[in-house]
Amino acid sequence: MGVLKTLWHKLGSPRWFYDMSRSWSMIFGILAVLLLGAGTLWGLAYAPADYQQGNSFRIMYLHVPTALVAQSSYLMMGIAGVVLLVWRMKLADVLAAAIVPIGFSMTLIALFTGAIWGKPTWGTWWVWDARTTSMLVLLFLFIGVGALRDAITNLETAGRACAVLAIVGMINIPIIKYSVDWWLTLHQTSSFSLVEAPTMPSSMWAPLLLNVLGMYCFLGAVLTSAVRTGILKREQNTAWVNEVVEQELA
Amino acid sequence: MFFDSFSAFLEMGGHGFYVWLSFGLTGLLIIGNVVHVRMARRNFFREHAQRQTRRKRSGTVPSNSGQNQQHKATEL
Amino acid sequence: MSEVANTSDNTASRSTSVVVVVQPSDVSIGKQFIGQLIRDLKIGFRSRGDFINPLLFYALAVMLFPFGLGTDATILKNIAPGVMWVLALLSVLMSLDTLFQRDYMEGTLEQQVLHGAPLSTLVLAKVLAHWITTALPLVLVSPVLAVMLYLPGHAIPVLVLSLLLGTPVLSLLGSIGAALTVSVRGGGLLLALLVLPLYIPVLIFGASATAAAANLDGPGYAGQLLWLSVFMVLSITLAPFAGAAALRISLEQ
Amino acid sequence: MLFENLSLEIRSGDAVELSGPNGSGKTTLLRCLAGLSPDYKGDIQIGDFIYLGHSSGLSGLLSVRENQRWYASLSGKMVSEEDLDDALSRVGLAGYQGIACAQLSAGEKRRVILSRLLYSNAALWLLDEPLTALDKEGVALVHDLIASHCKSQGAALYATHQSLALDAAQALDLGEYGAISKTERPYSHIANPEHNEFPVDV
């Protein structure tokens with residue numbers, strides 16, 4: 001238990017995290033490239049086509065990972081919000097600020113791929129289907145947090161206000177999800193729903209697993225780098241940031 | 001290889017347009033994210049270096065008086 | 001309580017706390033709740049603008065639909081439940097600006113954040129007063145407007161009941177958004193952006209309850225109403241705490 | 001950072017005049033004490049206090065009496081009508097009960113707010129620029145209020161540009177860059193139920 005306690009204590013100082021996470025971004029980046037590359041190649045070229053949807057189902061190899069990462073980004077933001085409000089940890093605020101653009105673009109990707117996936121099977125660009133609808137709501141939740149952070153000038157207040165909003169959003173996500181699903185059963189004409197892909201043979205879900213892991217590594221890489229830059233920006237008046245800048249530019 | 005030829009791979013039984021469109025968009029946005037993050041880092045170092053040189057020229061101690069730092073760090 | 005604060009950089013930040021010894025207030029929380037409620041009701045009724053505007057917007061907006069869609073009864077009848085609910089939701093959203101703004105401008109909000117009574121009870125009192133002065137009139141006027149959209153008579157009681165159950169949830173969730181944007185210039189639009197995604201469940205169950213009541217042979221509307229009451233209970237217990245936290249944060253500057 | 005390792009103990013009967021140029025952190029210090037702004041490292045132990053910021057106001061739509069009654073219930077004090085009337089007359093606004101606050105002048109509004117000090121009988125007064133919008137009599141009124149409050153075992157910490165020249169007052173000048181200027185006499189302490197220990201750096 002002691003190790004966790006000291007680790008938690010150390011996390012309180014952004015500088016410790018900055019030094020410690022120097023190589024994370026690179027490691028995550030390489031892992032992401034490998035996993036995503038392998039998963040995409042396998043999914044695109046080698047996995048068998050779906051008997052109902054034909055080859056358009058390959059979009060799933062993008063849609064599912066990005067949707068998962070998008071939802072976990074919002075979850076991370078909510079948890080960072082709790083940590084910020086309860087333990088006043090500055091690092092949590094930097095993480096919450098850094099995750100908004102990434103989460104937003106992941107949701108955007110999931111939204112586009114979801115919509116495009118529906119086109120061949122239903123002939124329309126937009127389908128009111130559980131996947132696309134929940135991604136649309138998540139997109140607006142992200143935009144809300146981003147807009148609030150942008151609207152408040154004082155940094156500390158903006159961080160705490162966004163923390164409250166993220167927590168409220170996090171609590172509401174399951175409620176929204178289930179009411180949307182219930183609403184879909186009310187209006188869903190076709191019984192076939194794209195949500196649960198039919199039980200897939202291993203040659204189909206293996207690339208999916210690779211892509212999901214790859215997307216999470218991508219999230220790790222981009223997030224670490226964004227957090228480290230955020231730390232430098234927050235601590236720019238301190239002496240150690242000046243040293244870092246000199247070393248970097250020397 | 002599931003497809004017998006490269007052109008079949010491109011055409012993907014008629015669904016190629018949608019598959020490649022979504023992969024293209026995703027690639028675009030992912031690269032956009034990476035570039036955005038790297039640029040933010042580079043810009044910070046450039047700006048900070050300028051601030052340092054300005055401070056050295058004007059000889060003031062790294063200012064930490066004055067109001068809570070109002071600089072907004074994030075962008076959407 | 002904590003080791004001497006040294007200002008070197010890598011001290012772990014520990015939670016600094018204000019030990020505010022709250023004097024045992026001889027006025028019970030209930031009285032403070034009532035005191036705040038009465039005060040805000042007085043302000044609400046005396047500032048007629050905040051009281052009438054949502055009402056006029058609701059009526060005008062409902063009136064626009066026949067102009068847009070024509071007066072064919074079957075069309076209007078089908079869209080009536082959804083239109084009534086969406087416009088009620090937007091009217092409540094519009095009226096939320098005035099919830100904290102007036103007190104913030106006059107500087108009395110600060111005193112409420114400061115003093116003895118737990119802030120969440122005061123926020124609950126303020127939201128209840130605001131609901132009574134703005135949302136309740138909407139609910140009372142909605143039968144008249146529903147008739148204009150040819151909503152069948154037997155569905156109107158369900159519409160009123162679902163609005164009675166749903167609008168408190170809208171006000172409570174909205175109060176969190178209002179508290180977050182009270183100190184932001186031009187916070188009105190931002191408030192809508194923050195709060196509308198949270199309104200989706202209430203809209204879904206409210207509109208479908210009314211629609212279910214409208215076509216007699218369809219499925220029942222009891223389930224939807226029960227869900228609305230679940231949301232109401234949930235938001236009454238949780239929203240004031242989030243609202244109080246948001247208020248305290250917005251007033252930090 | 002506005003100021004650091006400020007240590008302040010206020011004992012009953014003590015009046016501390018907070019001075020310093022704009023932006024030297026007077027308001028921030030008072031707001032931290034009142035618990036309004038948590039952006040500081042350090043500990044604050046504070047008992048029953050009343051905080052009047054320069055933006056603290058009145059509801060324009062309510063009458064003076066309604067404002068008073070609401071404020072009394074807000075601060076959790078059972079206050080009789082006579083106390084409210086007495087507080088009003090002591091600030092020179094006897095008979096103003098029924099008037100809507102929107103019609104009062106800035107000076108009169110300020111006096112209604114000052115009347116809160118009397119009927120809330122809080123031990124420690126935290127006043128941020130109490131003299132704004134007050135004429136000569138108003139300033140004298142504030143001077144007497146604080147003086148009598150301190151005599152009756154109360155205490156006050158007030159920020160102002162125009163010194164009140166209270167005999168018992170100690171100066172606390174936040175003007176120094178980042179550090180606290182030590183006045184010659186050590187700070188006296190307030191025998192408040194909770195003595196105020198306040199090592200702070202914001």
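See the values below:
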| item | result |
| --- | --- |
| Counted residues, segment C:33-53 - those being at pLDDT below 85 and touching a helix residue (DSSP H, G or I) at 6+ places or on another chain (Cβ under 6 Å) | 2 |
| Hits in segment A:75-90 - residues which are surrounded by fewer than 24 Cβ atoms within 10 Å (Cβ to Cβ) and not β-branched (V, I, T) | A:L75, A:M76, A:G78, A:L85, A:W87, A:R88, A:M89, A:K90 |
| In segment C:54-98, the residues that are surrounded by 15 or more Cβ atoms within 10 Å (Cβ to Cβ) and modelled with pLDDT under 90 | C:D97, C:T98 |
| D:S56, sole failed condition from (1) at pLDDT 80 or above; (2) under 22 Å from C:D103 (Cβ atoms) | (1) |
| Whichever residue in segment D:50-70 is hydrophobic (A, V, I, L, M, F, W, C) and facing chain C (nearest Cβ under 7 Å) and, among such residues, is nearest to D:D86 (Cα to Cα) | D:W70 |
| All positions within segment A:117-144 that are surrounded by 24 or more Cβ atoms within 10 Å (Cβ to Cβ), out of contact with any His (no Cβ under 7 Å at 6 or more places or on another chain) and facing chain B (nearest Cβ under 9 Å) | A:F142 |
| Enumeration of residues in segment A:94-146 that are under 20 Å from A:V180 (Cα atoms), in contact with a Lys or Arg (Cβ under 7 Å, 6 or more places away or on another chain) and in a helix (DSSP H, G or I) | A:G114, A:S134 |
| Criterion (in a helix (DSSP H, G or I) and either within 8 Å of chain D (Cβ to nearest Cβ) or touching an Asp or Glu at 6+ places or on another chain (Cβ under 8 Å) (or both)) met by exactly one of C:V92, C:V86, C:V113 | C:V113 |
| Hey, A:L186 modelled with pLDDT under 90 and touching a helix residue (DSSP H, G or I) at 6+ places or on another chain (Cβ under 7 Å) or not | yes |
| Checklist (1) touching a residue at least 12 places away in the same chain (Cβ under 8 Å); (2) facing chain C (nearest Cβ under 9 Å) applied to D:A87, failing item | (2) |
| Residue list for segment A:85-122, filter: among the charged types (D, E, K, R) and touching a Gly at 6+ places or on another chain (Cβ under 9 Å) | A:R88, A:K90, A:D93 |
| Filter result (more than 9 Å from chain C (Cβ to nearest Cβ), of a type in the set (S, T, Y) and assigned to a helix (DSSP H, G or I)) within segment A:147-191 | A:T185 |
| Qualifying positions in segment D:90-104 - surrounded by fewer than 16 Cβ atoms within 10 Å (Cβ to Cβ), touching a residue at least 24 places away in the same chain (Cβ under 8 Å) and out of contact with any strand residue (DSSP E or B) (no Cβ under 8 Å at 6 or more places or on another chain) | D:G92, D:A102 |
| Subset of segment D:53-73 (residues that are surrounded by fewer than 24 Cβ atoms within 10 Å (Cβ to Cβ) and of a type in the set (A, V, I, L, M)) | D:L61, D:L62, D:A72 |
| Criterion violated by C:S208 - all others in (1) in contact with a Ser or Thr (Cβ under 8 Å, 6 or more places away or on another chain); (2) modelled with pLDDT under 95 satisfied | (1) |
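Table: residues versus (1) within 14 Å of chain C (Cβ to nearest Cβ); (2) modelled with pLDDT under 85; (3) surrounded by 13 or more Cβ atoms within 10 Å (Cβ to Cβ); (4) in a helix (DSSP H, G or I).
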position: A:W8; (1), (2), (3), (4): yes, yes, yes, yes
position: A:R15; (1), (2), (3), (4): yes, yes, yes, yes
position: A:Y18; (1), (2), (3), (4): yes, no, yes, yes
position: A:S25; (1), (2), (3), (4): no, no, yes, yes
position: A:I30; (1), (2), (3), (4): no, no, no, yes
position: A:V33; (1), (2), (3), (4): no, no, yes, yes
position: A:A38; (1), (2), (3), (4): no, no, yes, yes
position: A:L44; (1), (2), (3), (4): no, yes, yes, yes
position: A:P48; (1), (2), (3), (4): no, yes, no, no
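Okay, residues lined up against (1) at pLDDT 90 or above; (2) of a type outside the set (G, A, S):
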position: B:G27; (1), (2): yes, no
position: B:I31; (1), (2): yes, yes
position: B:H36; (1), (2): yes, yes
position: B:R51; (1), (2): no, yes
position: B:Q67; (1), (2): no, yes
position: B:K72; (1), (2): no, yes
position: B:E75; (1), (2): no, yes
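One line per residue, one yes/no per condition, for (1) more than 9 Å from chain B (Cβ to nearest Cβ); (2) in contact (Cβ under 8 Å) with a residue 60 or more places away in the chain; (3) not in a helix (DSSP H, G or I):
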site: A:W205; (1), (2), (3): yes, no, no
site: A:L210; (1), (2), (3): yes, yes, no
site: A:L213; (1), (2), (3): yes, yes, no
site: A:N242; (1), (2), (3): no, no, no
site: A:E248; (1), (2), (3): no, no, no
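For (1) surrounded by fewer than 24 Cβ atoms within 10 Å (Cβ to Cβ); (2) under 12 Å from the mean Cα position of the chain (by Cα), each residue gets a yes or a no:
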| position | (1), (2) |
| --- | --- |
| C:G153 | yes, no |
| C:P157 | yes, no |
| C:L170 | no, yes |
| C:T210 | no, no |
| C:P219 | yes, no |
| C:A222 | yes, no |
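The values are calculated or read from the model by the stated rules, or taken from the named source; none is laboratory data. A quick note: this is a predicted structure, and the numbers were derived from the prediction, not measured. Heads up, the Cβs are rebuilt from the backbone with ideal geometry, glycines too, and the neighbour counts pull from every protein chain shown.
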